Amino acid sequence: MKSPVNPELSKSEREQMIHQIDTLAKQYQKENGRKPVIMEVCGSHTVALAQTGLKTRLDHAIRFISGPGCPVCVTDQSAIDQMISLVDQPGVILTTFGDMMRVPGSYATLMEKKQRGADIRIFYSPTEAVTIAENNPGQTVILLGIGFETTIPAILAAVREAEEKSVKNLQVYLSLKRIEPILSTLLNDPDLVVDGFILPGHVAMIVGERHFNFLNNRSIPGVISGFTLDEMLTSLKQYLDMLTAGTPGVINNYQAVVTAEGNPVARQWISEMLTPVKEAWRGLGEIPESGYAFTDRFSHFRVSSDLLTQTPHRVKKTGCRCGDVLTGKIQPLECALFDRICTPDNPVGPCMVSHEGSCSAAYEMKETIV
């Protein structure tokens, strides 16, 4: 379903919309005996709800739960450990987005490995890894390919550039996630109560509005939203309109960026270069066809099996409940480690490390008046 492109709201219009949201939420509570439960899937939405003060302002009316939208946070601990172990191999240069540097492995972080002399380089664009490989022909350059559909095209652009330039010493460790299988898995969880989704605008930019039509078969409302205060407000209003009227569907409230079909070039690259495979998720285990591997045509870019640790260290138990936070079972503040042992300066789990992490957002959240 389409939504009109919303102009910027005035302060009085915002207050009026908050009142409307409050009224609809109370109507739902009266009819169902509980607050409506909405899951924001994207980590950027988690941050937006916190920074705009909406989560605090509407907490009495709506139960917000943060879903598995932060790519670093949802990566299984064994995969994190495997990535970190790559720098122990001789002749390896590891390249990565900066948010991976402080993610705790069972026994070290990439930052600690770098401080001990490992050659780890942070990039802003994955294509920088191709240049590093060109400049270091005698070494193996590994690109950590982590992310949802939003990041995948940039990773594939690096691979395509390496192919065109015949760069032979670039390898890619893929830990990619697909949005549809994880949402379907969450909806099949009998222990999770969720009435609908604020759908990720950045992912939708790639996959398109129609990608989320599977929610229509589940009678679950979903709104593709932008990230400004006004976009979040109008998306919440549209969600509650559908929920209270009993007319679920998918509304595109981010039309300036998201089209029905998404980005055709990016989708073509994904189709040509990747194939769905099972993937392990933090807190959920392996989910069929929820990740990606290279197709045979591009399989020579996979990290060599010789570089992968065959007998990795046993995953260290820390008491971190990041997996339960990501699957909506608890709120960050319900973890016994939150703001006691686990803080942004001393993160125990990835949800406290990444800027988009649920625990990081909860820690930094201010009582902002909208």
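What follows draws every value from the coordinates through simple rules; no lab data is involved. For clarity, every value in this text was computed on a predicted model and none was experimentally measured. Cβ atoms come from the backbone with ideal geometry, glycine included; neighbour counts cover every protein chain shown.
With a Förster radius of 45 Å applied to the beta-carbon distance between V315 and K26, the computed FRET efficiency rounds to 0.50. Divide the volume of the convex hull around the Cα atoms of the chain by the residue count and you get 140 Å³ per residue. Amide H contacts under 5 Å for F148: K177, restricted to partners 5 or more places along the chain or on a different chain, H placed in the peptide plane at 1.01 Å from N. Near R121, the amide H atoms lying under 5 Å from its own belong to L94, T95, T96; only residues 5 or more places off or on other chains count, and H is placed 1.01 Å from N.
A Förster radius of 25 Å combined with the Cβ-Cβ distance from E364 to I341 puts the calculated FRET efficiency at roughly 0.90. For L274, nonlocal amide neighbours, meaning residues 5 or more places apart or on other chains whose placed amide H falls under 5 Å from its own, are T295. Take every Cα pair under 8 Å whose residues are at least 6 apart in sequence, average their separation, divide by the length of the chain, and the relative contact order is 24 percent.
Distance distribution note for the range 256-370: the fraction of Cα pairs above 25 angstrom is 50%. Note on E289 and R210: the extension gain reaches 26.5 nm, defined as 0.36 nm multiplied by sequence separation minus the Cα-Cα distance. Taking a point 7 Å from the Cα of R116 along the Cα-to-Cβ direction, the residues of the range 313-329 with backbone N closer than 18 Å to it are 313-317. Straight-line reach from K329: taking Cα to Cα under 17 Å and skipping same-chain neighbours fewer than 8 places apart, the lysines in range are K35. Build a GNM of the chain with springs between Cα atoms under 10 Å apart, and of V203, V37, V353 the one that fluctuates most is V37.
Span-like helix check, the chain: qualifying full DSSP H segments, with Cα axial length of 15 Å or more and mean Kyte-Doolittle of 0.0 or more, are 152-164, 229-245. Counting only DSSP beta bridges with both residues in the chain, the antiparallel share comes to about 20 percent.
In the elastic network of the chain, a GNM with C-alpha springs shorter than 10 Å, the most mobile of E134, E40, E149 is E134. For K113, the lysines whose Cα falls under 18 Å of its own Cα, not counting residues fewer than eight places away in the same chain, are K316. By the Cβ distance rule of under 4.7 Å, the chain has these cysteines without a partner: C42, C320, C335, C342.
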